[in-house]
1. Given the criteria open to solvent by 70 Å² or more (accessible area, probe 1.4 Å), closer than 15 Å to LYS3 by Cα and of a type in the set (Ser, Thr, Tyr), does SER112 qualify?
2. Considering ASN186, ASN182, ASN150, ASN127, which residue is touching a residue at least 12 places away in the same chain (Cβ under 8 Å), in a loop (DSSP other than H, G, I, E, B) and either in contact with an Asp or Glu (Cβ under 9 Å, 6 or more places away or on another chain) or closer than 29 Å to GLY83 by Cβ (or both)?
3. Taking region 17-37 only, how many residues are free of Cβ contacts under 8 Å to residues at least 40 places away in the same chain, of a type in the set (Val, Ile, Thr) and open to solvent by 10 Å² or more (accessible area, probe 1.4 Å)?
4. Has region 245-268 got at least one residue that is under 20 Å from the mean Cα position of the chain (by Cα), of a type in the set (Val, Ile, Thr) and crowded, with 19+ Cβ neighbours inside 10 Å?
Amino acid sequence: MLKDYMGILMLNENEDRIRRLTKTRPLASIPFGGRYRIIDFVLSNMVNSGITNIGIFTDGKTRSLMDHIGSGKPWDLDRKINGLFVFNLGDPNYYMSEINALKNNLEYFYKSKEKYVLFSPSYMVCNIDYKAAASYHEASGADITVIYKNIEDSKKSFINCDVLNLDKNNRVLSVGKNIGINSAGNLSMEMFLMKKERFVDLILECIKTGYYSSIEEVIYKNVSEFNVNAYEFKGYLSCINSINAYYKSNMDLLDLNINKELFFANGPIFTKSQDESPTKYSENCKVSHSLIANGCIIKGSVDNSIIFRRVKIDEGVEIKNCIIMQNCHIKAGAKLTNIIIDKNIVIEEGKELKGDLDIPLVVEKKAIFE
């Protein structure tokens with residue numbers, strides 16, 4: 001178990017291509033898979049690997065995130081010693097303020113007893129055994145180890161993500177961007193393992209020189225100076241960095257093999273419990289190949305869709321290839337195809353909305369169809 005590691009979550013992911021779901025929440029707290037949030041996966045992975053000291057650096061849109069994670073109890077992080085710590089980046093331009101946020105909280109790192117740091121974003125959704133990655137890092141003697149996955153579908157997936165150029169010994173030679181030209185590549189999962197002393201040195205280097213705005217940038221631009229190794233992850237991975245990626249990742253959960261791996265492969269994925277009543281299915285409803293959370297009332301037809309908590313679907317409704325977040329009400333006769341509906345939306349009677357499988361239609365918060 002990784003008792004000698006502390007986890008650092010930097011929630012400054014680029015939201016430009018998923019902005020319609022992040023206007024009032026950070027990307028990390030977007031609802032996912034019927035009852036989870038995106039941050040649940042990396043938090044659970046760290047806890048399952050034995051990490052009990054986790055610091056979260058987030059921007060000003062923290063209400064949704066704090067309501068979800070609270071004191072960290074669902075992840076057994078409500079502790080007297082160590083536990084969950086949340087730091088606010090403070091600046092709306094939070095990408096540029098990453099180093100400032102780390103600098104302003106150096107005391108947190110100095111006071112922590114752990115020897116190593118696991119630095120990660122939240123939007124890389126997977127079920128990973130960090131213990132194996134840590135063993136690889138410590139045995140390699142590298143200054144820094146970055147976790148990556150070899151992908152075969154980079155022309156359509158993981159656009160704008162970092163890709164690694166590796167030598168035969170898995171040492172990082174250079175880092176580029178996936179612009180959808182090559183079909184395969186070594187995708188950086190943006191998860192870094194290093195000694196805490198090295199991590200603090202990187203922060204101080206960024207402050208001293210003023211050349212770098214993030215830990216990731218200072219590592220990638222100095223791979224020739226540091227010994228940066230790469231550890232390969234071979235399981236299921238999705239990067240929630242766009243509306244299309246969010247839609248596809250949710251729909252992947254309808255594949256039983258992916259579902260089992262993502263939620264149970266290296267330990268369970270924990271989330272905040274809502275203690276809902278069971279979903280009620282009417283006698284005439286039709287539900288096939290879908291995930292339905294608790295607390296719903298289903299009277300219409302649901303096919304190949306993901307329905308979150310407390311959704312009410314009236315008689316005569318036809319839903320296909322949709323993601324409907326919690327507290328929505330789909331009234332009688334509505335027809336929805338390839339749609340993402342945010343929380344607390346009412347779709348009025350007889351409305352027909354249709355998107356495309358590659359370009360799903362998003363119904364945002366406060367958009368009420370009448």
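The values are calculated or read from the model by the stated rules, or taken from the named source; none is laboratory data. This structure is a prediction, so every number in the text was calculated from the model and none was measured. Heads up, the Cβs are rebuilt from the backbone with ideal geometry, glycines too, and the neighbour counts pull from every protein chain shown. Side chains included, ligands, DNA and RNA excluded: accessible areas come from the protein's heavy atoms. Shrake-Rupley method; radii C 1.70, N 1.55, O 1.52, S 1.80 Å.
1. Details: open to solvent by 70 Å² or more (accessible area, probe 1.4 Å): no; closer than 15 Å to LYS3 by Cα: yes; of a type in the set (Ser, Thr, Tyr): yes.
Considered against the rule, which asks whether it is open to solvent by 70 Å² or more (accessible area, probe 1.4 Å), closer than 15 Å to LYS3 by Cα and of a type in the set (Ser, Thr, Tyr), SER112 comes out as no.
2. ASN127
3. The qualifying residues number 0.
4. no
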